[in-house]
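S.K.: Shown below is the structure under consideration.
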Amino acid sequence: MEASKYIFNQESYSVNAGEVTWESPSNIALVKYWGKKENQIPANPSISFTLNNCHTLTTVKYEQAEQLSFEVFVKGKREKSFEPKIEQFFSRIKEYTPFIVNLKLEIHTENTFPHSSGIASSASGLSALALCIVSIEKELDSTMSDAFFKGKASFLARLGSGSACRSVYPELVVWGENTSFENSSDLIASPFSGAHEVFKDFQDTILLVDKGQKVVSSTVGHNLMHNHPFSEQRFAQAHNNLKDLKKALIEGDLKMFTKIVESEALTLHAMMMTSNPYFILMKPNTLKIIEKVWEYRVKHNLNLTITLDAGANVHLLYPKSESEQALALIEGTLIDFCENKGYICDEVGLGSVKV
């Protein structure tokens with residue numbers, strides 16, 4: 001796939017003033033993307049569950065102008081600290097959306113979950129913004145197909161935040177070229193619809209161990225993979241795990257699913273702890289939750305699975321049929337290890353929605 005297919009090349013156009021709103025979810029990677037090349041290309045492929053309740057709602061108000069200008073508002077309040085990242089995003093996408101250089105934008109956004117705490121807020125936020133931008137483009141090109149629309153939104157979202165390209169699509173989503181999934185690409189994500197029914201309504205309860213901002217950003221963490229002593233072995237492992245996980249997803253093999261997903265989570269944090277400089281994002285209560293889940297799972301013969309993003313919070317994944325037992329564990333034990341007893345109940349979702 002060539003990036004050039006996403007270049008907007010109409011010579012003559014005029015943007016009418018208007019506004020557009022998209023709701024886009026976060027996602028939780030099962031096989032982790034950690035490490036990237038130039039132009040937001042992943043060093044290894046990944047696959048994720050798109051979530052439902054953890055999402056970003058973004059409205060973009062736009063009008064024609066002599067040059068690009070924008071302001072960002074979070075829950076109605078001007079938030080200048082967000083603007084450098086948005087400016088970087090626009091500089092990366094203007095080659096593909098040249099019409100934005102003549103727009104005045106007002107960006108209103110809000111999350112349903114804590115920002116910068118190991119839940120993928122950049123994934124939901126940048127995908128929502130990308131979808132708004134492509135909606136403006138569709139006003140200029142009414143012939144744009146729905147498939148191209150989603151593909152371009154995923155392509156642009158990736159240029160803002162790698163994992164954001166996965167949030168455009170529903171349920172299980174693959175990103176990164178690999179031999180296990182047909183039509184996989186480094187440039188955009190693609191949905192995987194061949195999974196067993198048990199994964200269609202999988203639950204994800206996010207245990208909020210630490211709602212504060214991470215001490216090391218994901219961008220810094222990704223860059224530390226360039227000279228990491230175990231990077232090549234890790235990238236090969238991700239390809240192998242993706243292949244094995246695809247089989248588990250198709251067959252509904254929950255035991256294999258757990259084995260691979262938990263290994264991926266711990267490997268992600270092992271890469272952080274063995275980089276130079278090294279760092280630890282897990283907290284003592286992160287480990288306590290993991291130990292309690294493993295103990296409970298064995299005792300009751302359940303399929304509870306833990307995974308982690310780049311942060312201290314624990315995602316507890318489980319089939320909907322085991323919700324009663326999982327919530328009993330959470331309410332009876334795990335909330336004691338959460339900040340202010342906080343947790344979010346989520347589940348596999350249907351992807352981004354225009355509002």
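S.K.: Show me 4-15, 162-173 ranked by packing, highest mean number of other Cβ atoms within 10 Å first.
M.R.: Numbers: 4-15: 11.4, 162-173: 28.4.
Ranking, from highest mean packing down: 162-173, 4-15.
S.K.: Beyond a 29 Å Cα-Cα separation, which of these cross-linked pairs lie in this structure: LYS32/LYS150; LYS85/LYS320; LYS214/LYS259?
M.R.: Numbers: LYS32/LYS150 23 Å; LYS85/LYS320 37 Å; LYS214/LYS259 27 Å.
Beyond 29 Å: LYS85/LYS320.
S.K.: Stretched out fully, how many nm does the piece from GLU19 to HIS226 gain, at 0.36 nm a residue minus the Cα gap? Provide the component values of the computation, followed by the final result.
M.R.: Working: separation 207, 0.36 × 207 = 74.52 nm, distance 4.07 nm.
Value of the extension gain: 70.4 nm.
S.K.: Once the other residues with Cβ under 13 Å from the Cβ of LYS246 are scored (Lys, Arg +1; Asp, Glu -1), what is the net sum? Could the numbers behind the result be given before it?
M.R.: Details: positive: LYS243, LYS247; negative: GLU182, ASP244, GLU251, ASP253.
Result for the neighbourhood of LYS246: -2.
S.K.: So, one more: Taking the chain as the reference, fit the longest principal axis to its C-alpha atoms, fit the long axis of helix 121-140 to the helix C-alpha atoms, and give the angle between the two in degrees, 0 to 90, nearest 10.
M.R.: 30
S.K.: For ALA236 and LYS259, what is the calculated FRET efficiency with R₀ set at 22 Å and r taken between the beta-carbons, to the nearest 0.05? If you can, show how the numbers build up before the last one.
M.R.: Working: r = 18 Å, r/R0 = 0.81.
Computed FRET efficiency for ALA236 and LYS259 comes out at 0.80.
S.K.: On a 29 Å Cα-Cα criterion, which of the cross-link pairs LYS75/LYS246; LYS5/LYS104; LYS94/LYS246; LYS243/LYS288 come out too long?
M.R.: On the way: LYS75/LYS246 39 Å; LYS5/LYS104 26 Å; LYS94/LYS246 36 Å; LYS243/LYS288 31 Å.
Flagged as over cut-off: LYS75/LYS246; LYS94/LYS246; LYS243/LYS288.
S.K.: Here's another thing I want to ask about it. Can you give me the long-range amide H partners of PHE202? Hydrogens built in the peptide plane at 1.01 Å from N, cutoff under 5 Å, separation of 5 or more residues or another chain.
M.R.: VAL348
S.K.: Let me ask something else. Nothing charged except the Cβ atoms of Lys and Arg (+1) and of Asp and Glu (-1): what's the magnitude of the dipole of segment 3-194 about its Cα centre? Round to the nearest 20 debye. Spell out each step's value before the answer.
M.R.: Numbers: 18 positive and 21 negative charges, 107 e Å.
That gives segment 3-194 a dipole magnitude of about 520 debye.
S.K.: Taking the Kirkwood radius as the inverse of the mean 1/r across Cα pairs, report the Rg/Rh of the chain.
M.R.: Working: Rg = 20.1 Å, Rh = 20.7 Å.
Answer for the chain: 0.97.
S.K.: Also, I was wondering about something else. Mind giving me the FRET efficiency for LEU68 and GLN213? R0 is 41 Å, r the Cβ-Cβ distance, nearest 0.05 is fine. Walk me through the numbers before you get to the answer.
M.R.: Numbers: r = 28 Å, r/R0 = 0.69.
So, using R0 = 41 Å, E works out to roughly 0.90.
S.K.: What is the Cα centroid distance between segment 56-94 and segment 212-260, reported in whole angstrom?
M.R.: Rounded to whole Å, the Cα centres lie 32 Å apart.
S.K.: With unit charges on the beta carbon (Lys/Arg positive, Asp/Glu negative), name the residue among GLY311, GLY351, HIS239 whose Cα is farthest towards the positive pole of the charge dipole of the chain.
M.R.: GLY311
S.K.: How far, in nm, would the chain grow between LYS37 and VAL298 when pulled straight, counting 0.36 nm per residue and subtracting the alpha carbon separation?
M.R.: Numbers: separation 261, 0.36 × 261 = 93.96 nm, distance 4.03 nm.
In short, 89.9 nm is gained.
S.K.: Here's another thing I want to ask about it. Mind checking the dipole of the chain: about its Cα centre, +1 per Lys or Arg Cβ, -1 per Asp or Glu Cβ, Debye to the nearest 20? Walk me through the numbers before you get to the answer.
M.R.: Numbers: 35 positive and 42 negative charges, 131 e Å.
Here the chain has a charge dipole of around 620 debye.
S.K.: Most fluctuating residue of ALA123, ALA65, ALA310 in a GNM of the chain with Cα springs under 10 Å: which is it?
M.R.: Result for the chain, Cα springs under 10 Å: ALA65 fluctuates most.
S.K.: Please compute, for the alpha-carbon atoms of segment 25-127, the extent along each of the three principal axes and give them in descending order in Å.
M.R.: So the extents along the principal axes, rounded to whole Å, are 44, 31, 21.
Where a number appears in this text, it was derived from the coordinates with a stated rule and is not lab data. As the structure is a prediction and not an experimental result, all values here were calculated from the model. Here the Cβ is made from the backbone with ideal geometry for all residues, glycine too, and neighbour counts use every protein chain on show.
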